[in-house]
1. Which residue out of Val273, Val251, Val283, Val297 is more than 22 Å from the chain's Cα centre (by Cα), under 25 Å from Pro177 (Cα atoms) and β-branched (Val, Ile, Thr)?
2. Residue by residue through segment 166-182, note down the ones that are open to solvent by 20 Å² or more (accessible area, probe 1.4 Å) and either in contact (Cβ under 8 Å) with a residue 12 or more places away in the chain or basic (Lys, Arg) (or both).
3. Can you confirm whether Val189 is in contact with a Pro (Cβ under 8 Å, 6 or more places away or on another chain) and surrounded by fewer than 20 Cβ atoms within 10 Å (Cβ to Cβ)?
4. Quick one: which residue in Ala108, Ala128 is modelled with pLDDT under 95, hydrophobic (A, V, I, L, M, F, W, C) and either open to solvent by 60 Å² or more (accessible area, probe 1.4 Å) or closer than 20 Å to Val152 by Cα (or both)?
5. Mind checking which residues of segment 327-358 are part of a helix (DSSP H, G or I) and basic (Lys, Arg)?
6. Between residues in segment 282-311 that are of a type in the set (Val, Ile, Thr) and residues that are part of a helix (DSSP H, G or I), which pairs lie under 7 Å by C-beta distance while being six or more apart or on different chains?
7. Looking at segment 360-385, I want the residues that are over 16 Å from Leu147 (Cα atoms) and have a partner that is open to solvent by 60 Å² or more (accessible area, probe 1.4 Å) and of a type in the set (D, E, K, R) with Cβ atoms under 6 Å, at least 6 apart or on another chain. Which pairs are those?
8. Considering only segment 405-415, state which residues are in a strand (DSSP E or B) and either of a type outside the set (Lys, Arg) or at pLDDT below 90 (or both).
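The values are calculated or read from the model by the stated rules, or taken from the named source; none is laboratory data. Treat the numbers as computed from the prediction; the structure is a model and nothing was measured. Glycine gets a Cβ as well: all are built from the backbone with ideal geometry, and neighbour counts include every protein chain shown. Ligands, DNA and RNA are excluded from the accessible area calculation, which covers all protein heavy atoms including side chains. Shrake-Rupley method; radii C 1.70, N 1.55, O 1.52, S 1.80 Å.
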Amino acid sequence: MTSVRNHRLQLSGNKWFIFVLTALIMGACSPKVRTVPTPVVKTKTEKNPKKTEKIEEKPVKIPEIKPSVISLILPLGLDHAAAGQKYTSAGLKSANMSVEYYQGFKLALDSITLTGANFRLQVFDSKADAAQAHSLGLNPQVKASDLIVGPVFPDDIKSFTSALTGWRKPIVSPLSPAWPATYKNEKLVTITPPLVYHAIGAATYIAKEIKPKKIFILTSGFSEEKQYTSPFKRTIDSLGKRKIQVVTITVSRGNLEPIMAQLSPEKENIFVVPSTKQAFLMVTLRALSSLSKSYPVVVFGHPNWDKFAFLKAALLQSLNTHITATDKIDYKGAETNNFLRSYRRVYHAEPTEFTIKGFDHGMYFGKLLADGEDMNKPDLDDFTGIHNSFHFVKKPGLGWINTHVDILKYEDFELKKVQ
């Protein structure tokens, strides 16, 4: 059976989702029992039989498969759906995200049950509250799970894992890219690659594919950019055997004069820009655009750049811009189209990014459970999903971390996968 806390959720734009959510969740754990029809047995009879033998027919029943128990802990905030209550803008966004993720995850489990697997899906409301997350960490129903997915937000994960003492099974952090040292839990599975692996991915591609003699890192001076630049430099030094020079400068008002003498007029000049500050990016990228008229320019940007409406595709394409990403969906792929048809048939709506994430996560972990895989082994299996691929690395004291990122490049005014 499936557990949901408090009242039904009503969301503007997705109201019908919540009206059916309770019914959907209540059906999430129906046991999969198959009954084989009994064959009709015909016997030959004599004209004057001395004795008629009666054959007793017994139904043949396949034993029920023990269900794998999965607990989803999502910030539904169902208490805000009660009479007289209302959602804040942030709360409504979290609730929508939770419903969308649940729908994708549930659809994946339903797909796997067609192969004979059996699941019991429990859903708990973390309310986006650390105290509530801590309470769920003490909940016997949660502790009886074979797999826990959630909570979603870093503070909630930290509070939840601190209460879940003695737990020996995986806890999946489904959406947060926070570095797992925050939680200090060796059973944690971090699905969204932290920023450090975006930096490593970009550095690896540059060192192995472009093989430049020099790389320029243009910073705004904010210390947070070191979370990207430090692992980037280490990877370049390691792979380039210190033969690739890394030049770091703090750019003020788009002034690139300090590096002009070091630029090559023939070979590609590689610029890494780790900033996410709008004012800095607008000025600096315009300066690089002017520079590109005289010098070959290739830019590598922060993975969040594709979310910024102020960055225009035409400008980024003119700068040969590359970014790292974890979520490039191939809408022309056969698996993607099969998923879209299934989702539209079940929910009569279009899937969102969180729906597709939930589906990939449900397929990956659902299949591991159905196949009886030991999820405590050092190396979890690789996986290629609709939304992202998984390549997990086990880190002592930190658990498993997905390190796979793609390299995307602006072509035809859109991002296309390079690697």
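1. Details: Val251 fails: under 25 Å from Pro177 (Cα atoms); Val283 fails: under 25 Å from Pro177 (Cα atoms); Val297 fails: under 25 Å from Pro177 (Cα atoms).
Answer to the check: Val273.
2. Of all residues in segment 166-182, those open to solvent by 20 Å² or more (accessible area, probe 1.4 Å) come to 166-169, 175, 177-179, 181-182.
Scanning segment 166-182 gives Trp167, Arg168, Lys169, Leu175, Pro177, Ala178, Trp179, Ala181, Thr182.
3. Working: in contact with a Pro (Cβ under 8 Å, 6 or more places away or on another chain): yes; surrounded by fewer than 20 Cβ atoms within 10 Å (Cβ to Cβ): no.
Here the answer is no, as Val189 does not meet what is asked.
4. Working: Ala108 fails: modelled with pLDDT under 95.
None of the other options fit; the residue is Ala128.
5. Let us first name the residues in segment 327-358 that are part of a helix (DSSP H, G or I), namely 334-347, 353-358.
Arg341, Arg344, Arg345, Lys357, listed by residue number.
6. Val297/Leu288; Val297/Leu291; Val299/Leu288
7. Pro378/Lys394
8. Initial filter on segment 405-415 (in a strand (DSSP E or B)): 406-411, 414-415.
Selection gives Asp406, Ile407, Leu408, Tyr410, Glu411, Glu414, Leu415.
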